[in-house]
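Any read-out appearing in this document is the output of simple, stated calculations on the displayed coordinates, not a laboratory observation. Bear in mind that the values here come from a model prediction, so they are computed numbers and not experimental data. Every residue, glycine among them, receives a Cβ derived from its backbone with ideal geometry; neighbour counts consider all protein chains shown.
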Amino acid sequence: MNNLKELTYEHHKNAERQDFVKELMGGISNERYCDFLHNQHPQYNVLENFARLHGLTDVIIAPKIHNDITELEAGLEDYIPTMYPVVEQYLDHLLNIKDDPNKLMAHIYVRHMGDLSGGQMIAKRTPGSGTMYQFDEDVGVIKDRVREKLDDSMAEEAKICFDFATQLFQEMSI
């Protein structure tokens, strides 16, 4: 049985409690959301490229994030994205675990399951088309495929991923 959701519950809740998440869910400006996407894109891109090497890619989001950035930037004059330090730290972490499919799957779980679930609510509150949260298949079917690849041994790495997400939210709140 997979108890990953329960095993990571506190880390997940901590991420959701951050001020930036409230901003994201309460209606966010184009520029702030574009900053968020600029920071998400390299994280998803690297994770998905490493995951692809192990056949773990049930959903690919990085190109959609790029499309959302392009759309939002078209309406922003003199916009220069703010990149946060945690992104580079996360990319370094992914580089260190790139050969471990179970650890990569823990990150897929945290990031992609979040987009498949809470992302549907976020999409309604953010500027632009929100293609990052649009999927070609039924969301339930994709979730089931992801769940099939999970096991409880991934909990510690999933907590690490939640901690990186939380740190980005904290850096964006400053």
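Protection proxy ranking, highest mean first, for peptides 58-66, 154-162: 154-162, 58-66, where packing is the per-residue count of other beta-carbon atoms within 10 Å, averaged.
For region 4-173, the Cα-based Rg and Dmax, in that order, read 15.2, 47 Å. Label-to-label distance, residue 88 versus residue 117, with points set 7 angstrom from Cα along the beta-carbon direction: 3.3 nm.
Gain on full extension, evaluated as 0.36 nm per residue between residue 13 and residue 25 minus their Cα-Cα distance, stands at 2.8 nm.
Peptides 109-117, 2-10 ranked from most to least packed by the mean count of surrounding Cβ atoms within 10 Å: 109-117, 2-10. For the chain, the membrane-span-like helix rule (DSSP H, alpha carbon extent of at least 24 Å along the helix axis, mean Kyte-Doolittle at least -1.0) picks out 155-173; this says nothing about an actual membrane.
Think of each Lys and Arg Cβ as +1 and each Asp and Glu Cβ as -1; about the Cα centre, that makes the dipole of region 4-173 roughly 340 debye. The modelled label-to-label distance for the pair residue 52/residue 139, using points 7 Å beyond Cα in the direction of Cβ, is 2.5 nm. Paramagnetic label reach from residue 125 (point 7 Å along Cα→Cβ; backbone nitrogen cut-off under 20 Å): within region 1-16, residues 10-16. Computed over the chain, the per-residue total of -39500 (n - 2.57) for DSSP H runs of n ≥ 4 gives a 222 nm mean residue ellipticity of -21000 deg cm²/dmol, rounded to 500. Taking a Cβ cut-off of under 12 Å around residue 96, the surrounding Lys, Arg, Asp and Glu residues balance to a net charge of -2, with basic ones at +1 and acidic ones at -1. To the nearest 0.05, how large is the calculated FRET efficiency for residue 5 and residue 99 if R₀ is 45 Å and r is the Cβ-Cβ distance? For R0 = 45 Å, the calculated efficiency reads 0.95.
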